[in-house]
Amino acid sequence: MTPCPTDPTAADSTADDRTGGDRDRLRELLDAVLADEHSNLDEMATGAFSSPFHFSRQVSRGAGESPVALRRRVLLERAAWLLQHGKTVTEVAFDSGYESVDGFARAFTRAFGHSPGRAASTGRTAPSEHSHWLPAPNGIHFHSPTVLYVDSGTPTTESAGDVLMIMVRHDLDDIDTLLDAAKGVDEREWTRRRLPGHEPLHWNGPEESLAQVMSHLVADKQPWLATIEGADMPPGPPSDLSALVELQRELTPRWLALVRDIDRRNAWQDRVIDALCDPPESFLLSQIVAHVLTFSAHRRQLARWMLRDVGVDVRTLDPDPIMWHRKHSGGF
C-alpha cells in the first residue's frame, strides 16, 4: 500500500454525521448560499437544484447555521474587511446588497457592536488578522483572498508542551527560510542534478536537483489538503522559485488550520479514502501529518546540503527546532 493522494473526488469520511458523509454536496450547497447572484433563499435553492425547504434543512444540518444567516454573516464579515481596506461605507453598503446606507449601518452595528464608520477608521491603522470575523457555529468565515477560511485560532507562539504544533510551525517557518536562501541561486545551479537517481518515494518522482527538492518540499502538502478538503486536485507542482514562494504563502494558513482543527476535534483516527488509487487507499489523518512531517524534514536537510554545495552560507540557517522555539518564545 503506497500513498496516492491524487483523487479529485475522494470521499471524505472526516465529515461528521451532520453532513451525512456527503462532503461534496455540502460544498455545492455552500457555493449556492454564497454565490453573488443569489440574494434570497429561493434563489439559493434554485442554484442548488433543490426546493427551499430541503435546501434550508440540508445547509442547517451540515453547517449548523441556516443559509440566510450564514450568507448574511459572511457578507457582513466581507463588508468589515472591505471597510478596513479602504472602501467607503456607501460603497460597501450597496456592494453588500443593502438598499440603503442606513439599513446597512444598522445591520453592521447590531453584528459588530460598533458602526461601520469606526471599522473604516480603525482599518486605516493596522487591523488584526481576523478582526472582521463574527462568532460562527461552524468556523466558516470570510477571508480574502480565499473567500472562506476555517477558523482554528492564530497563536504566533506555540506552547512548549504542544510538541505537534511546534513541529508543524517549525517546518513551515524553516521552509520559508530555505526559500529565502535560494533566491540568490542562478538557474543553472537551481536545476543541476546533484543526486542522480534520488527518489525517496518511488510514486512521487525524482528529487535530484535543488529545484525538485524545493518543489516537493513546498507542494507535497497540496494534494493531501485537496483530498481532505474535498477540493479539486491541483496541477503539477511548480519548479520556479517565485511560484514556489507564492504557493508556500497560500498553503501555510490552510495547513495550519487543518492540523489545528484535527487536533482540536481529536480526529486523528478519522480517515480519508482516495477512491482513484488502484486499489482504493484509506489514510488516517494522523498518518498523513506524520508522512508530511517526516519527508519534509528529510527534504529540508537535503536542501541545506544542496544550498551549501551551491555556495550559500547555511551556517546561519539553523535547522534545530530548539533554537527556533527559543527565538519565537522569547528565549524560553
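Values computed for the structure shown
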item	result
Residue ID - nearest to the chain's Cα centre (by Cα), chosen from residues in segment 260-274 that are crowded, with 19+ Cβ neighbours inside 10 Å and assigned to a strand (DSSP E or B)	V272
Test: residue in segment 100-115 that is at pLDDT 75 or above, over 24 Å from S66 (Cα atoms) and of a type in the set (A, V, I, L, M, F, W, C)	yes
Residue selected from segment 281-294 under the condition of a type in the set (A, V, I, L, M) and in contact (Cβ under 8 Å) with a residue 40 or more places away in the chain, by the criterion surrounded by the fewest Cβ atoms within 10 Å (Cβ to Cβ)	L293
Hey, G184 out of contact with any helix residue (DSSP H, G or I) (no Cβ under 8 Å at 6 or more places or on another chain), among the small types (G, A, S) and either surrounded by fewer than 20 Cβ atoms within 10 Å (Cβ to Cβ) or without any contact (Cβ under 8 Å) to a residue 40 or more places away in the chain (or both) or not	yes
Scan of segment 92-106 for residues that are open to solvent by 50 Å² or more (accessible area, probe 1.4 Å) and within 17 Å of H132 (Cα to Cα), ordered by number	D95, R106
Some residue of segment 236-257 being out of contact with any Lys or Arg (no Cβ under 9 Å at 6 or more places or on another chain) and more than 26 Å from L178 (Cβ to Cβ)	no
Residue pairs meeting the criteria (Cβ under 7 Å; at least 6 apart or on separate chains; first open to solvent by less than 70 Å² (accessible area, probe 1.4 Å) and of a type in the set (V, I, T), in segment 43-67; second modelled with pLDDT under 85 and not in a loop (DSSP other than H, G, I, E, B))	V59/L29; V59/V33
Verdict on S121 being within 24 Å of A257 (Cα to Cα) and modelled with pLDDT under 90	no
Hey, D7 open to solvent by less than 70 Å² (accessible area, probe 1.4 Å), modelled with pLDDT under 90 and within 26 Å of E281 (Cβ to Cβ) or not	yes
Flag if D278 is open to solvent by 70 Å² or more (accessible area, probe 1.4 Å) and modelled with pLDDT under 90	yes
Helices (runs of 4 or more DSSP H) lying entirely in segment 26-99 (those with 2 or more residues that are closer than 26 Å to G113 by Cα)	52-63, 67-84, 89-95
Matching entry among A297, A226, A257, A303 (being open to solvent by less than 30 Å² (accessible area, probe 1.4 Å), small (G, A, S) and more than 18 Å from the chain's Cα centre (by Cα))	A303
Any pair with Cβ under 9 angstrom, 6 or more apart, that starts in segment 203-220 at a residue that is in contact (Cβ under 8 Å) with a residue 40 or more places away in the chain and over 14 Å from L251 (Cβ atoms) and ends at one that is open to solvent by less than 10 Å² (accessible area, probe 1.4 Å) and not in a helix (DSSP H, G or I)	V213/E207
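The values are calculated or read from the model by the stated rules, or taken from the named source; none is laboratory data. Quick caveat: nothing in here was measured; it's all calculated off a predicted structure. All Cβ positions, even for glycine, are placed from backbone atoms using ideal geometry, and neighbour counts span all protein chains on display. What goes into the accessible areas is simple: the full protein's heavy atoms, side chains included, and nothing from ligands, DNA or RNA. Shrake-Rupley method; radii C 1.70, N 1.55, O 1.52, S 1.80 Å.
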